[in-house]
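The values are calculated or read from the model by the stated rules, or taken from the named source; none is laboratory data. Treat the numbers as computed from the prediction; the structure is a model and nothing was measured. In this analysis, Cβ positions are derived from the backbone assuming ideal geometry, glycine residues included, and neighbour counts consider all displayed protein chains. Remember, those area values only see protein heavy atoms, side chains included, never the ligands or the DNA or RNA. Shrake-Rupley method; radii C 1.70, N 1.55, O 1.52, S 1.80 Å.
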Amino acid sequence: MDDSLLRRKDVWSLLNYLDKTQTEMLDPVLERGIYRYPVVEEFVKDDVDSVLEGLADLGFLQRQLLDSVMSCPACEGFSHLLKPVCPTCSSGRLMKGNVIEHLLCGYVDFEHEFLSHGFKCIKCGKELKTLGVDYRKTGVFFKCISCGRITAVPIRRYICTNCGRANMEEELNLKPVYRYIVVKEKFPLLKGIFYDLSPLTDYIAAKGYTVQSPAKIVGTSGVTHQFTLYINVWGQVISSGLVVDIISEVSEEKIYEFFMKCLDVKAGASLLLVVGQASEKARKLASTFNIRLAEFVTVDELIEKSKTIIGELLERLREKELMSEAAFLEDLLRQLEKK
Ligand SMILES: [Zn+2]
Ligand SMILES: [Zn+2]
Ligand SMILES: [Zn+2]
């Protein structure tokens, strides 16, 4: 999970609102067959659930299991029609009623069927006389109009009202319904994430480089990766450019993720700027992957000091390029001499 969710205007407004109003928690409200989070909907339009889950993953919200519902395996909807069907022929043409068994001949049918025949057995024609002696009431049953089967337990199908899929009960998934508790301690960190990068980007641009922030780059895998910054000489290929990410917490996984992104886009150099401290392991991993890792105490410090680091890395990229150009020329000369 990266911080890109926090760069969305709607999410940012939501977090700001939660912070300002000192909202303690976000409770789900069951409305017209779905659980909604009205406060969140004020800010986020389309993907309320994934925003809430994303914020929980980032630690801004804490999930509290409040309820659970059975959901459709196809569409995750949880509004169903309960539809009974015949266990023999799967027909939905069922009737429900009190059933009587004529003990003398074993005929079984609805009470109203016997009544409509003058309380005589439909099969053997004998009159039903004493309850418990020649006939008995067996309880409430379902009768299939299509095949005549009488059953106490029809098969229950759950028809999803959203996608129409007919599910068996065991096919349904158990979906948790959460209350999200606002983690207040996490909010001061926000100010560290919503830094204004323009002093940095202006500085780099003034040096004659092109800067993209945030930058979306398609890797060789076809996957689009996002970086906080992408810096290069105008018109140059990415292998002579620098990609930069700024993160608020560093772990070995984050370094690995960053490495995979850089590898996929074939960036010339990679820089990870951290507000906070990295573990010794994380530092080692970064250096193994040839990632420049720089740690800062505050965002202001990061903006100020990273200028020098970025300058250095860009310088080195230019040198590398000149050297490869020189090598290319030397090679060319050697080829010419041979002729
Ligand atoms: Zn009978
Ligand atoms: Zn049937
Ligand atoms: Zn469905």
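Below are the figures for this structure:
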| quantity | calculated |
| --- | --- |
| Number of positions in region 269-293 that are surrounded by 13 or more Cβ atoms within 10 Å (Cβ to Cβ) and either closer than 11 Å to Val244 by Cα or of a type in the set (Lys, Arg) (or both) | 11 |
| Odd one out for Glu170 among (1) open to solvent by 80 Å² or more (accessible area, probe 1.4 Å); (2) more than 16 Å from ligand 1 (Cβ to nearest atom); (3) in contact with an Asp or Glu (Cβ under 8 Å, 6 or more places away or on another chain) | (3) |
| Residue ID - farthest from ligand 2 (Cβ to nearest atom), chosen from residues in region 146-160 that are surrounded by 14 or more Cβ atoms within 10 Å (Cβ to Cβ) and within 12 Å of Lys83 (Cβ to Cβ) | Cys160 |
| Counted residues, region 232-259 - those being open to solvent by 10 Å² or more (accessible area, probe 1.4 Å) and part of a loop (DSSP other than H, G, I, E, B) | 9 |
| Condition met for Phe296 (among the aromatic types (Phe, Trp, Tyr) and open to solvent by 20 Å² or more (accessible area, probe 1.4 Å)) | no |
| Which listed residue, of Leu271, Leu229, is at pLDDT 95 or above, out of contact with any Cys (no Cβ under 6 Å at 6 or more places or on another chain) and aliphatic (A, V, I, L, M) | Leu271 |
| Filtered residue count, region 1-24, keeping only those that are assigned to a loop (DSSP other than H, G, I, E, B), at pLDDT below 85 and not hydrophobic (A, V, I, L, M, F, W, C) | 2 |
| Residue list for region 287-311, filter: in contact with a Phe, Trp or Tyr (Cβ under 8 Å, 6 or more places away or on another chain) and either part of a helix (DSSP H, G or I) or not aliphatic (A, V, I, L, M) (or both) | Phe289, Val299, Leu302, Ile303, Lys305, Ser306, Lys307 |
